Structure formats: C-alpha cells, structure tokens
Amino acid sequence: MIGIDVGDKTIGVAVSDPLGFTAQGIGTLKRKGNLKEEIKELHAIILQYEVKQVIVGLPKNMDGSIGQQAEKVIKYADLLKQTLKLPVILWDERLSTLMANRTLLEADVSRAGRKKVIDKLAAVVILQSYLDRGKKD
C-alpha cells in the first residue's frame, strides 16, 4: 500500500511493508501545478513498490465536515483512481500533521528539519493508522 498526504505545495509519500504491518516514509514530492507529471511520479513509486492500493489522507474539519482543502483532496483522489486504475481509499487524517509535528518536537528536530520531513511523516501517520485499523477489524 501507499499512503499520501496531499497538500498545496507538497505530497508526502509512505509505503507499507509487504505484509501490511508498518508504514515507512519514502519522500516528499513537490507540487508543480502539473497533475500529469505528479501522477507520473506517483505511478513510478507505485510500480517500484508493487502497490495494490492507495490511501489518501482526507483533511476533514475537526467537526467532521468537509472543507475547501478536503474538497481539493477528494478531486485529486478521484483523478488518481481514474488514472492509476487502483483502489483509492480516502482516510480521515484530521490529526496526522499534529501527531507528526509532536513526534518531531519530542525528537528535538529543529524547525528547519521539521519543515523538510513533516509531510512525509504525516503520510506515515495516515498509512499506519489505516494499517492499524485493519488489524482491529
């Protein structure tokens, strides 16, 4: 599986191990305003890691409603589904960036260091929460 955290400037990317137990961050893609190029980069990662399912973080508002950013992510996920021909699951990511930031603060990572890895770590949190939820069902 691949987990992605779609932002306006970057896309954090994480993949699961083959058995679906753990998520590992693999990088951050810069958004260039060219959706075809972005999806091409994601597709290369999907092929490299033999991904069968895409988990996309859905940034709902704290009350569970869908705001402007979530609407953008839903459109992006729909485009991924059409282009990649893989199952795409939207996963509630309300606290993923907060959790990622807290983890980095606890590890005493500098502000500049946090900025470089926050989106990748948010993707890890999204994917890991999805994987953990699957173990409970």
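Read the figures in this text as sums done on the coordinates, not as results from a lab. Everything quoted here is computed from the prediction, not taken from an experiment. Glycine also receives a Cβ, built like all others from the backbone with ideal geometry; neighbour counts cover every protein chain displayed.
Straight-line reach from LYS32: taking Cα to Cα under 17 Å and skipping same-chain neighbours fewer than 8 places apart, the aspartates and glutamates in range are ASP5, ASP8, GLU41, ASP119. Under a 5 Å amide H cut-off, with hydrogens placed 1.01 Å from N, LEU86 pairs with nothing among residues at least 5 apart or on other chains. Computed 3J(HN,Hα) for region 44-55, one whole-Hz value per residue from the Karplus formula 6.51 cos²θ - 1.76 cosθ + 1.60 where θ = phi - 60°, is 4, 5, 4, 5, 4, 9, 6, 6, 10, 8, 10, 10, glycine and proline marked x.
Each residue, GLU50 and LYS75, gets one label point 7 Å from its Cα in the Cβ direction; the gap between the two is 3.7 nm. Kirkwood analysis of region 2-136, using all unique Cα-Cα pairs, places the hydrodynamic radius at 14.9 Å. 3J(HN,Hα) along region 63-79, derived from phi through the Karplus expression 6.51 cos²θ - 1.76 cosθ + 1.60 where θ = phi - 60°, amounts to 7, x, 7, 9, x, 4, 5, 5, 4, 4, 5, 4, 4, 5, 4, 4, 5 Hz, with x in place of Gly and Pro.
With r defined as the distance between the Cβ atoms of TRP91 and ASN34 and R0 fixed at 35 Å, what FRET efficiency is calculated, to the nearest 0.05? E(calc), rounded to 0.05, equals 0.85.
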